[in-house]
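To start, the structure itself, in structure tokens.
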Amino acid sequence: MIARDLMNSDFPYVMADADLDYVAKLLAECGLGAVPVVDDDLSPIGIVTRSNLEQARNQPLPDLGAIPEFLLRNRPKPVFHANGRALREVMTSPAISIPDVAKVPDIARIMESHSLKRIPVVEGHKIIGLVLRKEVMEAMKGGFPALALEAHRRRPLISIPQQTGDRCALATAEEFRDLVTAHERQLELERAERRQATTELRDQRIRELASQRLTDAQWREMLEQARRSAEAGLAEHLLIRFPSQLCTDGGRAINAPDPLWPATLRGEPADVFQRWRNELHPRGFRIAAQIIDFPEGMPGDAALFLMWSAARN
């Protein structure tokens, strides 16, 4: 029996620029107790375990002393918060890995000598799985069970409203001319009020959109729609459309284009970019931003596109 027979091939992994809070969430959900960190070539460069996160937590004040075991028993652990720490500060590096053809006794020896509970499996340089110590022990005892691990996961758009007015009377031609002038002034006043109301309404909408967060259900729906686009023969999919005013610079960086445009995103678009960076970028997907309409010559709506075709030169 070799590593490929033992490994869990359904496992999470991240790149070194992933958010530490996101990695902590992955650890809590995956059940494998570790999340490998990989480079652009999918070579393992580190690994994060629960013990890494525990060491990164703020320690209790010295004068409080240790908390008694009976108080800790069955008590849920507090949610981990990165508090500005980077993944590279917390992960164990370099990562120790084994080839997919490594034999069970050799795996056991490596894990024992390095005190490892789980170890990445590579094919060439690329990570393809994760082996747990308990499964190695089972295999050594000859009682290796069939492995069946859980699978993982798989969203929205944006718009605005409007108003009116009028009147008349009669007398001399001069009075009629005065009525025309008054009417034109009234129309200009109404246009100004409409512009102000539209601006205020849009500003309120932008504030609401900036505070909205992307839900897991919306993200899964986005990816399902992208899958349907691929099934239809398309090489890209519009993930989310939003007013360019939702960007901190009104969409200028996207329109330029400036490579720092992701830093201008707010609300759901910022969450979509973050989910792409954490989950889809390591799996070969690319993302692009574009202003897709220009009402009155100014940037209107922007959009984020998910792409899976080979990179263009």
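The values are calculated or read from the model by the stated rules, or taken from the named source; none is laboratory data. Because the structure is a prediction, the values reported are computed rather than measured. For neighbour counting, all protein chains shown are included, and Cβ atoms are generated from backbone atoms with ideal geometry for every residue, glycine included.
Computed values, structure above
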quantity: Considering residues of region 202-233 that are at pLDDT 90 or above and among the small types (G, A, S) only, the residue nearest to the chain's Cα centre (by Cα); calculated: A217
quantity: Residue count, region 245-267 (criterion: at positive phi and not in a helix (DSSP H, G or I)); calculated: 2
quantity: Region 127-155, residues that are at pLDDT 50 or above and assigned to a loop (DSSP other than H, G, I, E, B); calculated: G142, G143, F144
quantity: Some residue of region 290-297 being touching a Pro at 6+ places or on another chain (Cβ under 9 Å), surrounded by fewer than 16 Cβ atoms within 10 Å (Cβ to Cβ) and either in the same structural domain as D40 (by TED's automatic domain parsing) or not β-branched (V, I, T) (or both); calculated: yes
quantity: All positions within region 226-247 that are loosely packed, with under 14 Cβ neighbours inside 10 Å and of a type outside the set (A, V, I, L, M, F, W, C); calculated: R227, R228, E231, G233
quantity: Residue count, region 268-313 (criterion: closer than 12 Å to P243 by Cα and in a strand (DSSP E or B)); calculated: 6
quantity: Selected residue (only one of L179, L187, L209, L201 is surrounded by 11 or more Cβ atoms within 10 Å (Cβ to Cβ) and within 21 Å of D271 (Cα to Cα)); calculated: L209
quantity: Meets criteria (over 24 Å from D39 (Cα atoms) and buried (at least 17 other Cβ atoms within 10 Å of the Cβ)) for P269; calculated: yes
quantity: E279 closer than 25 Å to D39 by Cβ and buried (at least 19 other Cβ atoms within 10 Å of the Cβ); calculated: yes
quantity: Selection status of F242, under 18 Å from R202 (Cα atoms) and outside any helix (DSSP H, G or I); calculated: yes
quantity: Residues satisfying the stated conditions in region 39-48, i.e. surrounded by fewer than 22 Cβ atoms within 10 Å (Cβ to Cβ) and of a type in the set (A, V, I, L, M); calculated: L42, I45
quantity: Qualifying residues in region 212-225 (those that are not in a helix (DSSP H, G or I) and not polar (S, T, N, Q)) - the one surrounded by the most Cβ atoms within 10 Å (Cβ to Cβ); calculated: L214
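For (1) surrounded by 14 or more Cβ atoms within 10 Å (Cβ to Cβ); (2) under 27 Å from D19 (Cα atoms); (3) out of contact with any helix residue (DSSP H, G or I) (no Cβ under 6 Å at 6 or more places or on another chain); (4) not aromatic (F, W, Y), each residue gets a yes or a no:
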residue	(1), (2), (3), (4)
M91	yes, yes, yes, yes
A95	yes, yes, yes, yes
A108	yes, no, no, yes
V121	yes, yes, no, yes
K126	no, yes, yes, yes
R133	yes, no, no, yes
V136	yes, no, no, yes
A139	yes, no, no, yes
